[in-house]
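See structure below.
The values are calculated or read from the model by the stated rules, or taken from the named source; none is laboratory data. These numbers come from a predicted model, not from an experiment. Positions of Cβ are backbone-derived with ideal geometry, glycine not excepted, and every protein chain shown enters the neighbour counts.
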Amino acid sequence: MSYAIIGFGKIGQALAHAFARRNIEVAVASRHAPDTLAPQARVIGPTVTPKSLQEALEADTIFLAVRFEVHRQVAKALPDWGGKTLVDATNWQAPLEELDGLLSSVFVAKLYAGAKVVKGFNHLGASALAADPAVAGGHRVVFLASDDEDAIAPVAALARQLGFAPVNLGRFDEGGALVHARGPVWGPLIFQNMFKKEQ
């Protein structure tokens, strides 16, 4: 299984830290050339490799950490998103009319047609996401939601590999709505830094 992070701002770099901490190879890409990302990638760790957008999109599982206005450009980078799992780690406060009135991850699923889309890793701020998720007696929670039941299990397994405690909220329009920003309204679980005790 191969992994990539698209977007190398605060959230993208926080995700890269999570991969580096566990020595898991991950490609990172943004609108900028790979060599401009290289200095920060080196600081994060040797398993973080800057690549072009096209190269990064060869990964099996791709984390989206880009601004709303960049999504259409990224979506057009591949003619077919079939076989890809996308983890939507974004929070937008885009006007509802720009999202066709949909929850943002439903909009993403339409935009990246054919991909399996999971909302996840988005409810934590960058500093919490970058920090070691292991604490005394437990692990930091990441919430996951998807309209594709088969997509949740491998992302949950990756979350555990990264040291997090995944919690499945169900479909986007059910528990998933708790971690969506919808227009000016933030889901009640966004920015809730929770820990799950080991059983």
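When the residues of the range 74-92 are filtered to those that are without any contact (Cβ under 8 Å) to a residue 40 or more places away in the chain and touching a strand residue (DSSP E or B) at 6+ places or on another chain (Cβ under 8 Å), which remaining residue is farthest from G7 (Cα to Cα)? Among residues in the range 74-92 that are without any contact (Cβ under 8 Å) to a residue 40 or more places away in the chain and touching a strand residue (DSSP E or B) at 6+ places or on another chain (Cβ under 8 Å), the one farthest from G7 (Cα to Cα) is K84.
How many residues are assigned to a loop (DSSP other than H, G, I, E, B) and of a type outside the set (S, T, Y) if we restrict to the range 73-96? Before the answer, list the steps.
Filtering the range 73-96 down to residues assigned to a loop (DSSP other than H, G, I, E, B) leaves 76-84, 89-95.
From what is left, the residues that are of a type outside the set (S, T, Y) are 76-84, 89, 91-95.
Residues in the range 73-96 being assigned to a loop (DSSP other than H, G, I, E, B) and of a type outside the set (S, T, Y): 15 in total.
Taking every residue in the range 93-114 that is within 16 Å of V70 (Cα to Cα) and at pLDDT below 85 and pairing it with any residue that is of a type in the set (F, W, Y) and part of a helix (DSSP H, G or I), at least 6 positions away or on another chain, the pairs with Cβ-Cβ distances below 9 Å are Q93/F68; A94/F68; A94/F107; E98/F68; E98/F107; L99/F68; L99/F107; S104/F68.
The set of residues from the range 1-33 being part of a helix (DSSP H, G or I), of a type in the set (K, R) and closer than 17 Å to L162 by Cβ comprises just one member, R21. Candidates R171, R160, R140: the one that is assigned to a helix (DSSP H, G or I) and basic (K, R) is R160.
Could you list, in sequence order, all residues of the range 34-69 that are in a loop (DSSP other than H, G, I, E, B), farther than 21 Å from L158 by Cα and modelled with pLDDT of 95 or more?
Here is the first cut: in the range 34-69, the residues in a loop (DSSP other than H, G, I, E, B) are 45-47, 51-52, 57-60, 65-67.
From the residues that got through so far, the ones that are farther than 21 Å from L158 by Cα too are 51-52, 67.
If the condition is that a residue be in a loop (DSSP other than H, G, I, E, B), farther than 21 Å from L158 by Cα and modelled with pLDDT of 95 or more, then K51, S52 are the ones that fit.
Inside the range 100-116, can you point out the residues that are of a type in the set (A, V, I, L, M, F, W, C) and under 18 Å from E174 (Cα atoms)? Of everything in the range 100-116, those that are of a type in the set (A, V, I, L, M, F, W, C) and under 18 Å from E174 (Cα atoms) turn out to be L102, L103, V106, F107, V108, A109. Go through the range 53-84 and count every residue that is surrounded by 13 or more Cβ atoms within 10 Å (Cβ to Cβ), farther than 14 Å from F121 by Cα and not basic (K, R). Residues that pass the stated criteria total 14.
Within the span defined as the range 131-154, one or more residues are surrounded by 17 or more Cβ atoms within 10 Å (Cβ to Cβ), touching a His at 6+ places or on another chain (Cβ under 7 Å) and at negative phi.
Of the residues making up the range 179-199, just one is surrounded by 17 or more Cβ atoms within 10 Å (Cβ to Cβ), among the small types (G, A, S) and part of a loop (DSSP other than H, G, I, E, B), namely G187. Scanning the range 23-47 for residues that are surrounded by fewer than 13 Cβ atoms within 10 Å (Cβ to Cβ) and under 19 Å from L129 (Cβ atoms) yields N23, V43.
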